[in-house]
Every structure is written in structure tokens, then in C-alpha cells.
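Let me begin by presenting the structure, written as C-alpha cells, before commenting on it.
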Amino acid sequence: MHYKIYFDQKPIFLLDTPGPELTPYLDKPKILFVNGLSPSHLHSAFQNIRSEKTDAVIYYHEPLSELKEAFWDQFTVIQAGGGLVINERGEILFIFRRGRWDLPKGKLDPGETLPACALREVEEETGLSGLTLEKELLVTYHTYQQDGEEILKETYWYQMTADSKTSLTAQTEEDILEVKWIRPDQLGEVLSNTYQAIRDVLDSYRPEN
């Protein structure tokens, strides 16, 4: 098991056993390996991932649960839900927000379940109705700063289906400029201008033949 947490577009991997998830990074020249759980080790990981001198941090510790707890304690954790929506033609629903292609998602409301959050956020951001939630895909993690506070967002992603004939309306108050169904053979347009976490969501999707 492992966790991949994005700082901007660069990852810190938390793990206790190396696995195939590291393969794309092992040939990169700017990788930092960390092994230890002291405040100085955590500080080194955070400082280096935010440096131009580092492409990724690979952080080992056993048991992994201890590493996760120490890491999470450095942040205010926010949970969110999002949807990878597929229509009957196999097209994927994307939004264009703040200069990049993205998938609809948003923060969990008090008392709300994560699946309900994901459905609500997709409906609000895209205007889409008649959604069917199929299954959970994965959880992505990314960090950002807000009002001087360090935030770690856990986004729970769900595969959904919807009818392409349902009208779409961009939620402009959330800075969404466009909502669009995109064919699989058009994904190059998205992949060249999206977030690494969204690439991970797309990689987790396995179309049914």
C-alpha cells in the first residue's frame, strides 16, 4: 500500500514496501529518498518537494500507519468528492476551470456522505441530472495553502454514468467556463493541460468492453 500526495504537480510517496507505482520516477535524476519519522525528516521532505531541485520524494517508514499519522498531523485535512462521468457513447465529462481541464468535485458538507457529496458536486458544477453512481475509483491527495494554513485535500472519486442528451450548464460562480463531453480519442487535448491527480483518476478508469 502507498499514498501519493501532490505538492503542486510533484508527488511525495509514503510507503513501507516499494511497488510498481515508483517505476515512472526511478529514472528521474532529482529524486529524494527519506527514511525516518523525526520532525527533521518531515521538514526535509516538505522543503525538498517545493524545491526546483527535486522531482519527487520517496518516503519509507514501517509501519505505514505511523508515517501517515505523522504526515497528516502537519495539515488541516479536508475531504471532498468528485465524479468521472461516462455517457452511453463512452465520452467523459470535463469542466474547464482556471485555465485547465478538470473533473467536477467539491468539499464535503457537514453530515453528508462522500458518495452524496460527489453526486451533488457533479450536478452543481455541470448542471447534469439523472446521474447513476457506479463504483468508487480511488482517492487522490493534494496540498495547498489557504490564508497561511497548510491544507491536505482527500478527494474520493466515483465512476458515474449519465445520458449525453441531458443539458449541461457551467457553474460560473465556481469559475467554470465550459462543460464538455470528450471522446477517448480526444483526451490528448485534456492530458496536455490538466492536473497530475486528474491523470491518476483517468488511469484508474477501465472501460467495459
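The values are calculated or read from the model by the stated rules, or taken from the named source; none is laboratory data. Everything quoted here is computed from the prediction, not taken from an experiment. Neighbour counts run over all protein chains shown; Cβ positions are idealised from the backbone, glycine included.
Which fully enclosed strands (runs of 3 or more DSSP E) of the range 1-44 have 1 or more residues being over 22 Å from the mean Cα position of the chain (by Cα) and in the same structural domain as residue 61 (by TED's automatic domain parsing)?
31-35
Hey, does the range 111-120 have a residue that's crowded, with 17+ Cβ neighbours inside 10 Å, of a type in the set (A, V, I, L, M, F, W, C), out of contact with any helix residue (DSSP H, G or I) (no Cβ under 8 Å at 6 or more places or on another chain) and not assigned by TED's automatic domain parsing to the domain that holds residue 142?
No, the range 111-120 contains no residue that is crowded, with 17+ Cβ neighbours inside 10 Å, of a type in the set (A, V, I, L, M, F, W, C), out of contact with any helix residue (DSSP H, G or I) (no Cβ under 8 Å at 6 or more places or on another chain) and not assigned by TED's automatic domain parsing to the domain that holds residue 142.
Does residue 141 satisfy the condition of being under 13 Å from residue 76 (Cα atoms), crowded, with 19+ Cβ neighbours inside 10 Å and at pLDDT 95 or above?
It is true that residue 141 is under 13 Å from residue 76 (Cα atoms), crowded, with 19+ Cβ neighbours inside 10 Å and at pLDDT 95 or above.
Among the numbered conditions (1) free of Cβ contacts under 8 Å to residues at least 40 places away in the same chain; (2) among the β-branched types (Val, Ile, Thr); (3) surrounded by fewer than 18 Cβ atoms within 10 Å (Cβ to Cβ), tell me where residue 77 comes up short.
Of (1) free of Cβ contacts under 8 Å to residues at least 40 places away in the same chain; (2) among the β-branched types (Val, Ile, Thr); (3) surrounded by fewer than 18 Cβ atoms within 10 Å (Cβ to Cβ), only one is false for residue 77: (1).
Within the set of pairs 6+ apart or on separate chains, which have a first residue in the range 1-24 that is surrounded by 12 or more Cβ atoms within 10 Å (Cβ to Cβ), a second that is part of a loop (DSSP other than H, G, I, E, B) and among the β-branched types (Val, Ile, Thr), and C-beta atoms under 9 Å apart?
2/17; 10/54
With respect to residue 150, determine if the residue is surrounded by fewer than 19 Cβ atoms within 10 Å (Cβ to Cβ) and either under 21 Å from residue 5 (Cα atoms) or free of Cβ contacts under 8 Å to residues at least 12 places away in the same chain (or both).
Criteria met by residue 150.
Look at the range 121-146 and say how many of its residues are farther than 30 Å from residue 46 by Cα, touching a helix residue (DSSP H, G or I) at 6+ places or on another chain (Cβ under 7 Å) and either of a type in the set (S, T, N, Q) or not in a strand (DSSP E or B) (or both).
Final tally of qualifying residues: 4.
Hey, any hits in the range 61-76 for a residue that's in a helix (DSSP H, G or I), touching a strand residue (DSSP E or B) at 6+ places or on another chain (Cβ under 7 Å) and closer than 30 Å to residue 174 by Cβ?
Yes, the range 61-76 contains at least one residue that is in a helix (DSSP H, G or I), touching a strand residue (DSSP E or B) at 6+ places or on another chain (Cβ under 7 Å) and closer than 30 Å to residue 174 by Cβ.
Can you find even one residue in the range 106-114 that is assigned to a loop (DSSP other than H, G, I, E, B), of a type in the set (A, V, I, L, M, F, W, C) and under 30 Å from residue 208 (Cα atoms)?
Checked the range 106-114: at least one residue is assigned to a loop (DSSP other than H, G, I, E, B), of a type in the set (A, V, I, L, M, F, W, C) and under 30 Å from residue 208 (Cα atoms).
In the range 86-110, what residues are under 15 Å from the mean Cα position of the chain (by Cα) and surrounded by 23 or more Cβ atoms within 10 Å (Cβ to Cβ)?
Of everything in the range 86-110, those that are under 15 Å from the mean Cα position of the chain (by Cα) and surrounded by 23 or more Cβ atoms within 10 Å (Cβ to Cβ) turn out to be 94, 95, 103, 104, 105.
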